[in-house]
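A short write-up of the structure that comes next.
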Amino acid sequence: MSEQAGDRQAIIDLAVAYGRIVDRGDFGELRDLFTADATAELGGSGQTGIDEICGRLSSALDRFVSWEHHLDDHEVVVDGDVATARCSVVATHVRPAGESPPVYTVEGTYEDRLAHTAAGWRITHRSLVVTRRD
């Protein structure tokens, strides 16, 4: 495997790990995927720093009983020690009993900027671009 192909796969693996970590609700583990000073736009106002990113995800998902993120269609462009990536996301959220509708779905893309650090590839900025909610 070429170095660039290895970098591309490592970046895709990072996106997959993000979905798995968020679905488990282990938001602190996101520290292994982002730089400490990362920024994000995950709904509402932007987040600066990994603590705000983790806090935003925790508070946004806290109101649901369960959730699941499916990521697909990964596109990665590597340029030395920086990269951009995007992937489609379908996130299904189950509301508490009695709330309507019982399932809330978000579709869109994650658009990332990344840097190659001593610890490997890390996300420096993540945007969630929503194309559909229901």
Select from region 45-74 the residues that are under 16 Å from H125 (Cβ atoms) and assigned to a strand (DSSP E or B) and list them in ascending order. Q47, T48
Test E99 against the stated conditions and say whether it is under 17 Å from the mean Cα position of the chain (by Cα) and not hydrophobic (A, V, I, L, M, F, W, C). no
Residue that is part of a loop (DSSP other than H, G, I, E, B) and either of a type in the set (G, A, S) or closer than 22 Å to A17 by Cα (or both), where the choices are G108, G98: G98
Scan of region 75-107 for residues that are surrounded by fewer than 17 Cβ atoms within 10 Å (Cβ to Cβ) and under 27 Å from A5 (Cβ atoms), ordered by number: E75, V77, D79, G80, D81, V82, T84, S88, V90
Checked R8, R31, R56, R20 against criteria (over 25 Å from R132 (Cα atoms), without any contact (Cβ under 8 Å) to a residue 24 or more places away in the chain and either within 11 Å of the chain's Cα centre (by Cα) or surrounded by 13 or more Cβ atoms within 10 Å (Cβ to Cβ) (or both)); the one match is R31
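Would you check if there is a residue in region 26-35 being outside any helix (DSSP H, G or I), more than 16 Å from A85 (Cα to Cα) and modelled with pLDDT under 95? Before you say what the answer is, go through the steps one by one.
If we filter region 26-35 for residues that are outside any helix (DSSP H, G or I), which is where we start, we get 26, 33-35.
Those still in the list that are more than 16 Å from A85 (Cα to Cα) too: 26.
Imposing the further condition that a residue be modelled with pLDDT under 95 reduces the set to 26.
Within region 26-35, one or more residues are outside any helix (DSSP H, G or I), more than 16 Å from A85 (Cα to Cα) and modelled with pLDDT under 95.
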Every listed condition ((1) hydrophobic (A, V, I, L, M, F, W, C); (2) closer than 18 Å to I11 by Cα; (3) in contact with a helix residue (DSSP H, G or I) (Cβ under 9 Å, 6 or more places away or on another chain)) holds for A115 save (3)
Give all pairs with beta carbons closer than 9 Å in which a residue from region 64-81 that is without any contact (Cβ under 8 Å) to a residue 40 or more places away in the chain and basic (K, R) meets a residue that is exposed (fewer than 13 other Cβ atoms within 10 Å of the Cβ) and assigned to a strand (DSSP E or B); count only pairs at least 6 apart in sequence or on separate chains. none
Selection from region 20-75 of residues that are in contact with a helix residue (DSSP H, G or I) (Cβ under 8 Å, 6 or more places away or on another chain), of a type in the set (A, V, I, L, M, F, W, C) and more than 17 Å from L114 (Cα to Cα): I21, V22, F27, C54, L57, L61, W67, L71
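The values are calculated or read from the model by the stated rules, or taken from the named source; none is laboratory data. Computed from a predicted structure; not experimentally measured. Using ideal geometry, Cβ is built from the backbone for each residue, glycine included, and neighbour counts are taken over all protein chains shown.
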